[in-house]
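Enquirer: Shown below is the structure under consideration.
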Amino acid sequence: MNSIARRTFFQGALAAAAATRVAGANDRIRVGLVGIGGRGTAHLGSYVKIDSCQITGLCDVNQAARERAQTRLTATGATKGKEYTDMREMFADKNIDAVSIATPNHWHALATIWACQAGKDVYVEKPASYNVYEGWRMVEVARKTNRMVQVGSQSRSVPLVIRAMQLLKDGAIGKVYLSKGLCFKRRKTIGKTPVEPVPPGIDWEKFLGPAPMRPYTKNRFAYNWHWFWDTGNGDLGNQGVHQMDICRWGLGEVKMPKSVVSTGGKFVYDDDQETPNTQMATYDYGGMEIMFEVRGLLTGPEGGAPVKGGNTVGNLFLGSDGWMWFGGSGFQVYKGESNEKVMDEKGSPDDNSTVLHMKNFLDACRSRNYRQLNAEIEIGATSAALCHLANISYRVGRRLAWDDAKRSFLNDSEANKLLTRDYRKPYIV
């Protein structure tokens, strides 16, 4: 985008911001979806269940994805949404009040920042950011523009999770000294896919956005972008960021650690994947710690946790008086030397975590109080930052000490460089 085009866009964005209405109690909030792949399709299916909003825009760089979303939307009896290939056009549209972003990770920050600057409230999928620096910028812009920015850490809106975290805070297992996140999620090899022409209907340049220009391959597109450092953060920043968020929450909403170390590797497979399929991370908080483990290969459970479909995903909390296992369907509390189970609670099958989380987002869009958001951008950015710190330690191959006052690693220029990235113009955060 040249300087004139940039100026024209931001002038239009400011005009849109001025025109953006504040929805009243009886108005439906008009939502635009950005990124309509697997998770974006789930966004569509969730918003149509909420009476207080209406999907009015569909944006994706893939024409086939837009067409599929349009079909799903109209099948619910809803009016067709306006289609966009460039999210900036959606953000400048005064008929959109809020946007819901389910792009690949490397687009989360810039899409959120552009939307806030254009006067839109934002629901953005996890991880909040692709790197640490982006999270800080997202918080700064959200505050400056007074936009509501909710991160898709939907566990924050589930009554069962809220109760479990309150029990830990109230001392159900004594002083919590260790929280452990488990992401034992079976991932089979992605194989190798060759360079080929970009398929018709896909704007590959816009898909890459802030990332370096690379030739198109099937593995760099669709879901497998998670496993390339240009666009994803591995399973620690994919599934794992949900459990990392719960780790922080259960340990008392801790923020940045004193130090971090992460080891592991991409074992067994010879394929295109760059990120590790086996990873262990430890965060020192002085007197307590977070541990996190990713296992993508065949594995057994841990700590009595159930295996569901070959996966064990959840959290262990260890305290001075006992321990807690927390998984998606419930939690158990064990106490004392006899390891007696004293509590076993299940969640309600009626709780749709994404719908609950989106309702919370829409409520805050009406109240204009960002503190009402259950996973406000500062919460989401901090949880994402812990994932990024571990990945940086893994990539440079050593323990890293963190200086919170300087917002950088101590005496490690190689690691500090990975707090941000070299952005491809004009997609600069």
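Enquirer: Within the set LYS359/LYS417; LYS49/LYS346; LYS144/LYS206; LYS169/LYS359, which residue pairs have Cα atoms separated by over 29 Å? Walk me through the numbers on the way to the answer.
Expert: Values: LYS359/LYS417 38 Å; LYS49/LYS346 24 Å; LYS144/LYS206 27 Å; LYS169/LYS359 26 Å.
Beyond 29 Å between Cα atoms: LYS359/LYS417.
Enquirer: Exceeding 19 Å between C-alpha atoms, which entries from my cross-link table qualify? They are LYS82/LYS120; LYS258/LYS406; LYS185/LYS218; LYS126/LYS406. Intermediate values should be presented prior to the final figure.
Expert: On the way: LYS82/LYS120 16 Å; LYS258/LYS406 13 Å; LYS185/LYS218 22 Å; LYS126/LYS406 26 Å.
In this structure, LYS185/LYS218; LYS126/LYS406 exceed 19 Å between Cα atoms.
Enquirer: Same structure, new question: Over the Cα atoms, compute the radius of gyration (one decimal) and Dmax (the largest Cα-Cα distance, rounded to a whole number) for region 18-112, in Å.
Expert: Over region 18-112's Cα set, Rg and Dmax evaluate to 12.5, 36 Å.
Enquirer: Cut-off under 16 Å on the C-alpha distance; same-chain residues fewer than 8 positions from LYS180 excluded. Which aspartates and glutamates are left, in chain and number order?
Expert: Those aspartates and glutamates meeting the cut-off are ASP235, ASP245, GLU253, ASP284, GLU289, GLU293, GLU302.
Enquirer: Right, next: Hey, which aspartates and glutamates would be in cross-link range of LYS94, C-alpha to C-alpha under 17 Å, not counting anything within fewer than 8 residues on its own chain?
Expert: ASP27, GLU83, ASP86, ASP121
Enquirer: What whole-number value in cubic angstrom gives the convex hull volume per residue for the C-alpha atoms of region 102-168? Walk me through the numbers on the way to the answer.
Expert: Working: hull volume 6.7 nm³, N = 67.
Dividing the Cα hull volume of region 102-168 by its residues yields 100 Å³.
Enquirer: Restricting to Cα pairs below 8 Å that are 6+ residues apart, what does the relative contact order work out to for region 229-373? Please round to a whole percent.
Expert: 12
Enquirer: What number results when the radius of gyration of the chain, computed over Cα atoms, is divided by 2.2 N^0.38 Å? Spell out each step's value before the answer.
Expert: Numbers: Rg = 21.4 Å, N = 429, 2.2 N^0.38 = 22.0 Å.
The value comes to 0.97.
Enquirer: If packing is taken as the average number of other Cβ atoms within 10 Å across a peptide's residues, how do 335-344, 255-264 rank, most packed first?
Expert: Values: 335-344: 11.2, 255-264: 18.5.
Final packing ranking: 255-264, 335-344.
Enquirer: Within the chain, what percent of beta bridges assigned by DSSP are antiparallel, to the nearest 5? Walk me through the numbers on the way to the answer.
Expert: Numbers: 46 of 74 bridges.
Of those bridges, close to 60 percent are antiparallel.
Enquirer: Using the Kirkwood radius over Cα pairs, work out the Stokes-Einstein diffusion coefficient for region 132-214 at 37 °C and 0.692 mPa s, in µm²/s as a whole number.
Expert: Numbers: Rh = 18.7 Å.
Value of D from the Cα-based Kirkwood radius: 176 µm²/s.
Enquirer: Where in region 123-144 does the label zone of GLU414 land, with the point 7 angstrom along Cα→C-beta and an amide N cut-off under 17 Å?
Expert: No residue passes the distance filter.
Enquirer: Percent of alpha carbon pairs in region 69-180 separated by more than 23 Å?
Expert: On the way: 2866 of 6216 pairs.
Considering region 69-180, 46 percent of its Cα-Cα pairs are separated by more than 23 Å.
Enquirer: What is the spin-label model distance, in nm, from THR76 to ASP284 if the labels are put 7 Å beyond Cα along the C-beta direction?
Expert: 4.9
Enquirer: Okay, moving on. Name all residues of region 178-197 having a backbone nitrogen under 15 Å from the label point set 7 Å from the Cα of LEU298 along its Cα→Cβ direction, giving them as ranges.
Expert: It comes to 186-189, nothing else.
Enquirer: Could you tell me the ratio Rg/Rh of region 208-351? Both radii from Cα atoms, Rh via Kirkwood. Don't jump to the answer; show the numbers that get you there.
Expert: Values: Rg = 17.9 Å, Rh = 17.5 Å.
Ratio of gyration radius to Kirkwood radius for region 208-351: 1.02.
Enquirer: Hey, another quick one. What whole number of Å gives the distance from the Cα centroid of region 343-375 to the Cα centroid of region 92-148?
Expert: That distance is 19 Å.
Bear in mind that the values in this text are calculations on the coordinates, not laboratory data. Predicted, not measured: the structure shown is a model, and the values here were computed from it. Methodologically, a virtual Cβ is constructed for each residue, glycine included, from the backbone with ideal geometry; neighbour enumeration extends over all protein chains shown.
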